[in-house]
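Notes to accompany the following structure.
The values are calculated or read from the model by the stated rules, or taken from the named source; none is laboratory data. This one's a predicted model, so the numbers in the text were calculated from it and none came from an experiment. Note: ideal-geometry Cβ built from the backbone for every residue, glycine included; neighbour counts use all protein chains shown.
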Amino acid sequence: MKPYVQKVVKPWGYELIFTPPNSPVVGKVLHLDAGKRFSYQYHDKKTETLCLLRGEAKIVINGKTRKMSLLRGFFIPPMMKHRCWAITDCDILEASTKEEGNTVRLEDDYNRPTETEELRKLPNRGWKK
């Protein structure tokens, strides 16, 4: 068995996906650059847990903002609105179910559309850095 990692560049930083595509679960490290944030979004199928590994960040869940504490997890079931916002450069561990269904973007600093399963097949998932 070989180690696996895939780096995916995002407008807010990057993801390091450390589980292979055929895995029933997904493990990622989300690196957010200071002052950047990912979409205020929800997933219609995906469940995830987010845990701050390094740096400082805020999390917004259903409109309420709080500072993330190191090594404390936030469970995000389907349909829960959420976003992380980097105060400093930070790394957030994401443990989730597979990328299925839609990621509905309610607000996005980079004008990206809702991410559908079809859009995930495109090289840049419908956005340009």
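Residues that are modelled with pLDDT of 95 or more, touching a Ser or Thr at 6+ places or on another chain (Cβ under 9 Å) and not basic (Lys, Arg) were ranked within the range 13-31; the one that is nearest to residue 85 (Cα to Cα) is 27. For residue 35, the conditions (1) in contact with an Asp or Glu (Cβ under 7 Å, 6 or more places away or on another chain); (2) touching a residue at least 40 places away in the same chain (Cβ under 8 Å) are fulfilled apart from (1). Evaluating residue 81 against the criteria (1) more than 23 Å from residue 20 (Cα to Cα); (2) free of Cβ contacts under 8 Å to residues at least 40 places away in the same chain; (3) surrounded by 15 or more Cβ atoms within 10 Å (Cβ to Cβ) leaves one unmet condition, (2). Of all residue pairs spaced 6 or more apart or on separate chains, those with beta-carbon atoms under 6 Å, a first member in the range 93-110 that is within 19 Å of residue 75 (Cα to Cα) and a second member that is small (Gly, Ala, Ser) and part of a loop (DSSP other than H, G, I, E, B) are 105/39.
The number of residues in the range 97-118 being of a type in the set (S, T, N, Q), in a strand (DSSP E or B) and farther than 22 Å from residue 64 by Cα comes to 1. For the residues 129, 98, 58, the requirement of being modelled with pLDDT under 95 and under 14 Å from the mean Cα position of the chain (by Cα) singles out 98. Working only within the range 38-64, note down all residues that are closer than 20 Å to residue 107 by Cα and either assigned to a loop (DSSP other than H, G, I, E, B) or without any contact (Cβ under 8 Å) to a residue 12 or more places away in the chain (or both). Answer for the range 38-64, where residues must be closer than 20 Å to residue 107 by Cα and either assigned to a loop (DSSP other than H, G, I, E, B) or without any contact (Cβ under 8 Å) to a residue 12 or more places away in the chain (or both): 38, 39, 44, 45, 46, 47, 62, 63, 64.
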